[in-house]
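S.K.: Encoded as structure tokens, here's the structure I'll be asking about.
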């Protein structure tokens with residue numbers, strides 16, 4: 001593709017992104033400062049349409065980028081070196097300082113803040129690692145026959161689960177249970193904990209009646225390795241009328257947690273953009289999913305992504321997503337100190 005066609009495609013992506021209206025040759029001529037005639041631009045638009053990079057929604061309308069056109073733009077024309085303005089960074093820093101640094105609450109808060117800032121939907125996952133384990137257990141009596149099992153992961157996350165017993169807890173039971181869990185179940189992966197460890201822990205307590213507490217602890221261990229997914233700002237997508245035909249598929253996609261995890265978790269450290277037309281299971285024309293991995297320390301990784309219209313301003317949106325991912329990772333790993 002020659003340079004002028006590339007410039008025309010870049011300009012149409014920019015203009016269409018601003019208001020969602022098809023771009024005509026007159027508006028395009030204004031964009032070029034009338035340095036190129038409308039007739040020449042019409043010829044270039046026709047050539048780009050023939051290449052499948054532009055579409056003409058109606059006979060009398062201008063052109064809009066096709067899915068193929070957006071893919072070419074993202075891969076070849078997008079300036080990925082744009083930086084976030086210092087003032088916007090400062091505002092985002094202030095948002096993070098007000099967040100709870102517990103991993104689950106932090107991922108949810110960051111997703112909500114980015115959704116409010118961009119006007120799109122945001123997905124965030126908690127850290128995931130094959131080595132994620134429980135670093136400490138604490139058992140607390142919360143009722144005569146009920147105990148709460150609290151687990152702190154090696155990523156700093158806190159999870160709880162209750163266990164109902166067939167007898168009234170006695171003074172000292174919670175402490176003994178905490179000691180047994182910390183002796184036999186901490187710093188082990190879920191795959192390492194088998195029935196043998198459960199029996200040994202029960203024997204150390206002198207009775208199998210405590211098995212519900214042990215079972216709750218093992219469940220927390222198994223859940224620790226599964227990243228939680230947080231969705232925020234879904235209602236923002238209602239502001240884009242051109243997405244209406246894909247809403248049903250989008251809702252089905254959001255209800256499929258495993259698919260969301262799969263598409264929101266990039267395979268590399270680079271920011272990834274998937275177009276809705278490219279998703280084999282959930283084809284959603286007009287949508288795109290932009291994702292960025294964050295590093296939470298200790299080999300743990302999570303992801304944060306934006307779900308929005310394909311015509312979003314990528315040059316402005318990518319730096320915001322990347323800065324959120326950077327701060328999310330720093331806060332998760334404790335490299336940022338709360339003030």
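S.K.: Can you confirm whether segment 107-120 contains a residue that is free of Cβ contacts under 8 Å to residues at least 40 places away in the same chain, on the phi < 0 side of the Ramachandran plot and not in a strand (DSSP E or B)?
M.R.: Yes - at least one qualifying residue is present in segment 107-120.
S.K.: Further, regarding this structure: Scan segment 293-307 residue by residue and report those that are surrounded by 24 or more Cβ atoms within 10 Å (Cβ to Cβ) and either out of contact with any strand residue (DSSP E or B) (no Cβ under 9 Å at 6 or more places or on another chain) or within 26 Å of residue 10 (Cβ to Cβ) (or both).
M.R.: Once the filter is applied, which keeps residues that are surrounded by 24 or more Cβ atoms within 10 Å (Cβ to Cβ) and either out of contact with any strand residue (DSSP E or B) (no Cβ under 9 Å at 6 or more places or on another chain) or within 26 Å of residue 10 (Cβ to Cβ) (or both), segment 293-307 yields 305, 306, 307.
S.K.: Then there is this: Looking at (1) surrounded by fewer than 19 Cβ atoms within 10 Å (Cβ to Cβ); (2) touching a residue at least 60 places away in the same chain (Cβ under 8 Å); (3) under 29 Å from residue 20 (Cα atoms), which is the one condition that is false for residue 223?
M.R.: So the condition that residue 223 fails would be (3).
S.K.: Report, by residue number, each residue of segment 249-277 that is buried (at least 16 other Cβ atoms within 10 Å of the Cβ) and outside any helix (DSSP H, G or I).
M.R.: Passing the criteria: 265, 266, 271, 272, 273, 274, 275.
S.K.: Any chance you could count how many residues in segment 138-189 are within 28 Å of residue 105 (Cα to Cα), touching a residue at least 12 places away in the same chain (Cβ under 8 Å) and in a loop (DSSP other than H, G, I, E, B)?
M.R.: So the count comes out to 10.
S.K.: Which of the residues spanning segment 263-283 are modelled with pLDDT of 90 or more and under 18 Å from the mean Cα position of the chain (by Cα)?
M.R.: Once the filter is applied, which keeps residues that are modelled with pLDDT of 90 or more and under 18 Å from the mean Cα position of the chain (by Cα), segment 263-283 yields 263, 264, 270, 271, 272, 273, 274, 275, 276, 279, 282.
S.K.: For the subset of segment 28-54 comprising residues that are out of contact with any helix residue (DSSP H, G or I) (no Cβ under 7 Å at 6 or more places or on another chain) and outside any loop (DSSP other than H, G, I, E, B), which member is nearest to residue 287 (Cα to Cα)?
M.R.: 49
S.K.: Is at least one residue of segment 191-203 more than 25 Å from residue 301 (Cα to Cα), crowded, with 19+ Cβ neighbours inside 10 Å and over 19 Å from the mean Cα position of the chain (by Cα)?
M.R.: Yes, segment 191-203 contains a residue that is more than 25 Å from residue 301 (Cα to Cα), crowded, with 19+ Cβ neighbours inside 10 Å and over 19 Å from the mean Cα position of the chain (by Cα).
S.K.: Residues of segment 232-248 being touching a residue at least 60 places away in the same chain (Cβ under 8 Å), under 18 Å from the mean Cα position of the chain (by Cα) and surrounded by fewer than 19 Cβ atoms within 10 Å (Cβ to Cβ), which ones?
M.R.: Those that are touching a residue at least 60 places away in the same chain (Cβ under 8 Å), under 18 Å from the mean Cα position of the chain (by Cα) and surrounded by fewer than 19 Cβ atoms within 10 Å (Cβ to Cβ): 234, 236.
The values are calculated or read from the model by the stated rules, or taken from the named source; none is laboratory data. If you're wondering where the values come from, they're calculated on a predicted model, not measured in any experiment. Every residue, glycine among them, receives a Cβ derived from its backbone with ideal geometry; neighbour counts consider all protein chains shown.
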